[in-house]
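Worksheet: one structure, shown below.
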Amino acid sequence: MRRKRTSPVRTAAVGAGFRSGLEHRVWKDLLKRNQKGIQYESMKIKYTIPLSEHSYTPDVVFPNGIILEIKGRLMKADRDKHRLIKEQHPELDIRFLFQNANNKIRKGSQTTYAQWCDRNDIKWCEKTVPNAWLREVL
């Protein structure tokens, strides 16, 4: 059986403690922009899927309280999870950074990741974190 080859970018990211190359790239960009006090996967947020309790670990938490979820792919399980978290924790400001916000949520769908966020009142960006988010006071 042939093994799936891992890209050097992903290998470097995992070696540095990240879950994806995109998370690692965004983190390095934030550090290069002198963002002090940011934390990677430093918080756990409990949420309940009916009849079972789960926890969610955000990718990045900014000192101003903004929680950033970095997504290359926005799978159905992620969409369901974030709807539940938003419903159960309306006080949290969770935002998404997409590798490509124009990706469709599933094959054959007309809905993009960006449209899904807009419909669910979730702020989002593509590729890099806007400077305004870093300066924002909650």
Reduced Cα scattering model of the chain, Debye log10 I(q)/I(0), q = 0.10, 0.12, 0.18 Å⁻¹: -0.36, -0.52, -1.14
When we measure straight from the Cα of residue 76, which lysines land under 24 angstrom away, once same-chain ones fewer than 8 places off are left out? 4, 44, 46, 86, 104, 107, 123, 127
Solvent-accessible area per residue for segment 48-138 at a 1.4 Å probe radius, Å²? 57 Å²
Rounded to the nearest 0.05, FRET efficiency between residue 48 and residue 5 (Cβ-Cβ, R0 30 Å) equals 0.20
Quick check on segment 88-130: take the gyration tensor over C-alpha atoms, sort the square-rooted eigenvalues as a ≥ b ≥ c, and tell me if it's rounded (a/c under 1.5), prolate or oblate. oblate
Amide H within-cut-off set for residue 56, under 5 Å, with H built and near neighbours excluded: 45, 46, 47
For segment 11-24, what does the Karplus curve 6.51 cos²θ - 1.76 cosθ + 1.60, with θ = phi - 60°, yield as ³J(HN,Hα) per residue in whole Hz, taken in order and with x for Gly and Pro? 4, 5, 5, 5, x, 8, x, 9, 8, 8, x, 5, 4, 5
For 109-115, 92-98, ranked highest to lowest by mean beta-carbon neighbours within 10 Å, the order is 92-98, 109-115
Pair residue 39, residue 132: separation of 7 Å Cα→Cβ label points (nm): 2.7 nm
Taking the alpha-carbon centre of each part, the distance from segment 20-42 to segment 63-130 in Å is 18 Å
Per the rule of 0.36 nm per residue minus the C-alpha distance, extending residue 91 to residue 19 adds in nm 23.3 nm
What full-extension length gain, to one decimal in nm, is calculated for residue 102 and residue 80 as 0.36 nm per residue of separation minus the Cα-Cα distance? 6.0 nm
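The values are calculated or read from the model by the stated rules, or taken from the named source; none is laboratory data. A quick note: this is a predicted structure, and the numbers were derived from the prediction, not measured. Cβ sites come from the backbone with ideal geometry, for glycine too, and all protein chains shown count toward neighbours. Calculation scope for accessible area: heavy atoms of the full protein, side chains included, ligands and nucleic acids excluded. Shrake-Rupley method; radii C 1.70, N 1.55, O 1.52, S 1.80 Å.
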